[in-house]
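Novice: Have a look at this one.
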Amino acid sequence: MNEIIIETENLSRVFTLGGQDIKALDGINLKVTKGEFISITGPSGSGKTTLLNLIGLLEQPSGGTISFEGRDVSKLREGELDNLRLKQMGFIFQTFNLMPTFTALENVTFPMEITRIPEKERLERAKTLLERLGLADRMHHKPKELSAGESQRVAIARALANEPLLLLADEPTGNLDSNTTKEITALLQQLNDEYGIAIILVTHDNQVAQAASRTLRMVDGRLD
Amino acid sequence: MLLTKLAVRNLTRRRARSILTIIGVGIAIAFTVTILSISEGLMVSFENSIAKQGADIIIVPKEAEAYPYPDVAAFVGSFPEELLDEIEQVDNVKATFPVFTAIPMDFMPEKPGAIPMLYGVTPDYFPEVVPYLELAEGRFIEDSDEYTLVAGSGIAMVAELSLGGSLEFRGKSFKVVGILKSSGSLDDGMIYTPLKGLQEAYSKPGQLTFVPVKVNDISQAEATAREISDTWPIISAQTQEAMVDKFTDLMGIVEAANVGLSTVALLIGILFILSTMIMAVGERVKEIGTMRAIGVHRRFIFQLVITESLITSLIAGVIGCISGYLLSLAITYILAEFFGLTYFAPLVNARIFLTGIGIAIVVGALAGLYPAWRISKTNIVQALHYE
Ligand SMILES: Nc1ncnc2c1ncn2[C@@H]1O[C@H](COP(=O)(O)OP(=O)(O)OP(=O)(O)O)[C@@H](O)[C@H]1O
Ligand SMILES: [Mg+2]
């Protein structure tokens with residue numbers, strides 16, 4: 001079962017800053033198959049975040065193509081890209097980015113409200129996820145009442161809410177202490193095992209990167 | 001539903017700021033509602049009197065020509081009633097109704113608004129000229145009356161008149177024989193007496209200040225009025241229509257002022273909400289970037305901001321309408337209690353409420369547009385890294 005979720009071909013991204021072109025990505029060819037756990041490491045400024053943003057359909061490449069399940073995404077309209085992110089991808093950020101006015105539970109149900117999953121199912125799914133992530137007694141807490149580790153777990157639950165094919169995590173442990181980092185890393189590994197969800201994990205931490213089944217390294221906008 | 005829930009959450013997040021905005025916009029709307037209700041009250045009061053009168057032509061002394069209203073005529077001059085016999089000979093004239101008007105300036109010194117307009121009339125004045133007047137109790141003036149009076153409801157209330165009571169004007173005592181129902185017009189502040197009695201009291205026997213005229217052919221009223229004015233230089237005749245037109249012109253000016261005022265309220269409201277929403281949206285860039293990354297559509301973000309803006313302005317609209325209404329009640333009370341002015345009251349009606357709410361909706365929609373548009377089009381990646 002080697003179904004390809006995402007495939008990039010000769011992907012490039014050039015930023016023009018003060019009249020100078022910066023090649024943030026320079027000919028990236030990457031295939032991500034279903035259930036795969038990929039980690040990407042590399043020096044600062046090597047283009048890891050840029051790559052993740054492009055794969056996450058958050059911005060447009062300067063050259064090359066991205067296909068999602070065989071479809072060239074450059075042909076999709078904005079609303080269709082939104083829907084792909086909403087239903088097929090989960091995002092995990094270094095700074096958690098939870099909605100401050102929502103409780104943990106509401107943060108997790110929110111993406112399902114957008115996809116119009118009925119309330120009952122929404123709540124059931126959110127509770128199951130939060131329980132699975134060890135947050136049973138934190139469901140009704142607001143983000144400011146949660147520890148960093150708890151916040152990131154809520155964010156992971158939110159990313160999983162619409163049962164995506166792919167999780168994109170940009171330095172998810174960047175703001176966590178070493179114990180919590182271990183916890184979250186182990187959790188990602190378990191989720192990958194249990195749900196067969198593909199993960200692309202960008203990290204500076206080699207230990208974290210080792211959790212992946214495929215480790216990639218990026219230098220100067222290229223994959224080694 | 002989700003939009004509303006989110007919008008309310010966002011608004012309650014900065015409670016003080018939301019409340020201040022609502023108060024600001026609410027005040028603007030409250031003032032609009034109050035002013036509109038005052039001018040509506042004025043308009044209805046005039047409409048109920050001048051426009052309903054059964055006369056086709058109004059005759060006043062030449063001196064009162066520019067302002068052919070009985071209250072002005074009462075001050076500036078008079079003309080002998082024998083003139084009416086001659087005027088009735090004019091072809092188109094069907095009937096004339098002699099009136100002597102006076103204004104007792106010293107009526108109730110402590111309540112300057114309570115000064116009534118005294119109308120000395122003949123009995124046929126009631127059915128022919130002011131057929132809309134109805135009695136609350138008692139009767140109208142009769143032929144045999146000398147010193148009697150029929151009081152408007154407002155003046156009866158302020159002066160605490162009742163049947164059988166009396167009022168003194170220029171040393172003559174007039175007995176109360178009738179009290180009128182409120183007509184929501186200037187008539188509420190009038191006192192009707194027999195013509196002769198009032199002329200006697202004011203030492204102007206045989207003098208008139210104001211004469212409504214009925215004609216046979218209304219289409220010729222204007223020519224007839226001109227003929228009367230030209231034939232007798234000491235009087236001036238104008239058609240009722242011309243007077244209503246003047247009144248309509250005046251109301252046009254009031255209406256224009258109202259539109260101006262509503263526009264100012266609208267602009268103030270827009271500025272208030274616009275600045276609040278720009279702030280509110282500015283501090284949520286990262287959050288909105290996150291929502292977009294998750295897959296929330298641009299349109300949803302746009303609607304969310306508009307919803308927040310609309311909720312703010314609608315609450316302000318409702319509060320503004322209610323306080324505007326209360327303010328106009330207070331004005332009514334003050335006018336009656338301290339000035340004895342009961343024949344004019346601010347009027348709050350559905351149209352005014354709808355104007356208030358309408359302003360609120362327009363304010364909310366317009367003020368939300370720019371912030372909604374700006375935030376919904378921000379670049380997701382930049383928004384995610386916005387601090
Ligand atoms: N919006 C932008 N405008 C201009 N240059 C940019 C922009 N975003 C990224 N870059 C540049 O592109 C290159 C790659 O940046 P990117 O953020 O992808 O690196 P990274 O590998 O994620 O780095 P880090 O490990 O520090 O997060 C860098 O040189 C960066 O300065
Ligand atoms: Mg980065």
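Where a number appears in this text, it was derived from the coordinates with a stated rule and is not lab data. As the structure is a computational prediction, the values presented were derived from the model and not from experiment. Using ideal geometry, Cβ is built from the backbone for each residue, glycine included, and neighbour counts are taken over all protein chains shown.
Novice: Residue by residue through the range A:62-85, note down the ones that are within 11 Å of chain B (Cβ to nearest Cβ) and either among the small types (Gly, Ala, Ser) or within 13 Å of A:Asn10 (Cβ to Cβ) (or both).
Specialist: Result: A:Gly79, single match.
Novice: Let me ask you something else. Can you run down the residue pairs with Cβ atoms below 6 Å, 6 or more apart or on separate chains, where the first is in the range A:210-221 and more than 14 Å from chain B (Cβ to nearest Cβ) and the partner is among the basic types (Lys, Arg) and within 12 Å of ligand 1 (Cβ to nearest atom)?
Specialist: Within 6 Å, the pairs are A:Met218/A:Lys48; A:Gly221/A:Lys23.
Novice: Oh, and also: Restricting the range A:177-209 to residues that are of a type in the set (A, V, I, L, M) and more than 16 Å from ligand 2 (Cβ to nearest atom), which is farthest from the other protein chains (Cβ to nearest Cβ)?
Specialist: Going through the range A:177-209, the residues of a type in the set (A, V, I, L, M) turn out to be A:184, A:186-188, A:191, A:197-202, A:208-209.
Then drop every residue that is not more than 16 Å from ligand 2 (Cβ to nearest atom), which leaves A:184, A:186-188, A:191, A:197-199.
Details: A:Ile184: 19, A:Ala186: 25, A:Leu187: 20, A:Leu188: 18, A:Leu191: 18, A:Ile197: 16, A:Ala198: 17, A:Ile199: 17 Å.
The qualifying residue farthest from the other protein chains (Cβ to nearest Cβ) is A:Ala186.
Novice: Now a separate question. Scan the range A:13-27 and tell me whether some residue there is out of contact with any Cys (no Cβ under 6 Å at 6 or more places or on another chain), surrounded by 20 or more Cβ atoms within 10 Å (Cβ to Cβ) and within 23 Å of A:Asp205 (Cβ to Cβ). Lay out the reasoning, then the answer.
Specialist: Start the filter on the range A:13-27 by keeping residues that are out of contact with any Cys (no Cβ under 6 Å at 6 or more places or on another chain), which leaves A:13-27.
Checking the rest, the ones that are also surrounded by 20 or more Cβ atoms within 10 Å (Cβ to Cβ) come to A:13, A:24-25.
Retained after the next criterion (residues that are within 23 Å of A:Asp205 (Cβ to Cβ)): A:24-25.
Yes, the range A:13-27 contains a residue that is out of contact with any Cys (no Cβ under 6 Å at 6 or more places or on another chain), surrounded by 20 or more Cβ atoms within 10 Å (Cβ to Cβ) and within 23 Å of A:Asp205 (Cβ to Cβ).
Novice: Kindly provide the set of residues from the range A:49-75 that are more than 16 Å from A:Ile6 (Cα to Cα) and either free of Cβ contacts under 8 Å to residues at least 40 places away in the same chain or within 16 Å of ligand 2 (Cβ to nearest atom) (or both), ordered by number.
Specialist: The answer is A:Thr49, and nothing else.
Residues are listed down the side, and each one gets a yes or a no for (1) charged (D, E, K, R); (2) in contact with a helix residue (DSSP H, G or I) (Cβ under 9 Å, 6 or more places away or on another chain); (3) more than 14 Å from A:Glu36 (Cβ to Cβ):
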site	(1), (2), (3)
A:Ser147	no, yes, yes
A:Arg153	yes, yes, yes
A:Thr173	no, yes, yes
A:Leu176	no, yes, yes
A:Asn179	no, yes, yes
A:Tyr195	no, yes, no
A:Ile199	no, yes, no
A:Thr215	no, yes, no
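Novice: Among A:Ala104, A:Ala24, A:Ala136, A:Ala126, which is the only one that is more than 9 Å from chain B (Cβ to nearest Cβ), on the phi < 0 side of the Ramachandran plot and touching a Phe, Trp or Tyr at 6+ places or on another chain (Cβ under 6 Å)? Walk me through it before giving the result.
Specialist: Details: A:Ala104 fails: touching a Phe, Trp or Tyr at 6+ places or on another chain (Cβ under 6 Å); A:Ala136 fails: touching a Phe, Trp or Tyr at 6+ places or on another chain (Cβ under 6 Å); A:Ala126 fails: touching a Phe, Trp or Tyr at 6+ places or on another chain (Cβ under 6 Å).
Result of the check over A:Ala104, A:Ala24, A:Ala136, A:Ala126: A:Ala24.
Novice: Sticking with this structure for a sec: List every residue pair whose Cβ atoms sit under 9 Å apart, with the two residues 6 or more apart in sequence or on different chains, where the first one lies in the range A:4-18 and is assigned to a strand (DSSP E or B) and the second, anywhere, is of a type in the set (Lys, Arg) and surrounded by 15 or more Cβ atoms within 10 Å (Cβ to Cβ).
Specialist: Hits for this filter: A:Ile4/A:Lys34; A:Ile5/A:Lys34; A:Ser12/A:Lys23; A:Arg13/A:Lys23; A:Val14/A:Lys23; A:Phe15/A:Lys23.
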